[in-house]
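Take a look at the structure below.
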Amino acid sequence: MNEIIQNILSRRSVRSYTQEQISDENLNLILEAANYAPSGMGQQGWHFTVVQNKEKVDELVSAVKELMKNSSEERFQKMAGNPEFNPFYNAPTVIITSYDKSSATVEANCAVALQNIFLAAHSLNISSCWIHILAYFGQDPKVRSILTELGVPQDYEVSGSAVLGYSDKPLPAAAPRKEGTVNFVK
Ligand SMILES: Cc1cc2nc3c(=O)[nH]c(=O)nc-3n(C[C@H](O)[C@H](O)[C@H](O)COP(=O)(O)O)c2cc1C
């Protein structure tokens, strides 16, 4: 099996991190991989906001947890009720994707850029996880004002985020793959 396929198959979502920061050199490679993702009509209508400031991430976490507690969705209430819960898993780097609403295929563009981020990170022995909470709550005025302060462009909508860092334990095994997800017509 070639290295690219091996990298795709062995990437796992990690939810527990050490506080060791990733290097700027690796961060820049990961961001370059994100920027080279395919995008609808090649418009690259995305923006990547990198947050490596713990106080700023904590501010975002408190605002988001407050909204989760008051959400009508029981799963959010339950998660936010746990004082240990951090939607960004205390990872030292958070990358928030956002998109220009006037671009084509906006959510899909951010999704492929995020996958490039995860795969590039994994190839550099950096762990990662997709975090979706800002896509749910990014339009709340309090959260939005924090995001604006962090540099998310004002007229851009927030999509998924990536957390990056070093796992504090070995990577988990992949879940078994579902059967019957493919059919062939030859
Ligand atoms: C669109 C999307 C949203 C996700 N949101 C979250 C999230 O908010 N928090 C989280 O811990 N994992 C999230 N994940 C990660 C999935 O839970 C994970 O990919 C899945 O359990 C399979 O595990 P693997 O990535 O290790 O193969 C998300 C994944 C996708 C594709």
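Exactly one residue out of Ser127, Ser123 is within 16 Å of the ligand (Cβ to nearest atom), of a type in the set (Ser, Thr, Tyr), touching a residue at least 40 places away in the same chain (Cβ under 8 Å) and surrounded by fewer than 22 Cβ atoms within 10 Å (Cβ to Cβ), and it is Ser123. Across the stretch 7-52, the number of residues qualifying as away from the ligand (no atom under 16 Å from the Cβ) and among the aromatic types (Phe, Trp, Tyr) comes to 2. Listed here are the helices (runs of 4 or more DSSP H) enclosed by the stretch 72-138 that have at least 1 residues being under 23 Å from Arg12 (Cβ atoms) and touching a Gly at 6+ places or on another chain (Cβ under 9 Å): 106-123, 133-137.
Taken over the stretch 9-39, residues that are surrounded by 15 or more Cβ atoms within 10 Å (Cβ to Cβ) and touching a helix residue (DSSP H, G or I) at 6+ places or on another chain (Cβ under 7 Å) amount to 7. Only one entry in Val14, Val94, Val57, Val64 is closer than 24 Å to Ala121 by Cβ and in contact with a Pro (Cβ under 7 Å, 6 or more places away or on another chain), namely Val64. Of all residues in the stretch 40-52, those satisfying the criterion of being hydrophobic (A, V, I, L, M, F, W, C), closer than 22 Å to Lys101 by Cα and in contact with a helix residue (DSSP H, G or I) (Cβ under 9 Å, 6 or more places away or on another chain) are Trp46, Phe48, Val50. Among the residues here, Ser167 does not qualify as within 12 Å of the ligand (Cβ to nearest atom), under 24 Å from Val64 (Cβ atoms) and within 13 Å of the chain's Cα centre (by Cα).
Every number in this text was worked out from the coordinates using simple rules, so none of it is lab data. Please read these numbers as outputs of a predicted model, since none were measured by experiment. Here the Cβ is made from the backbone with ideal geometry for all residues, glycine too, and neighbour counts use every protein chain on show.
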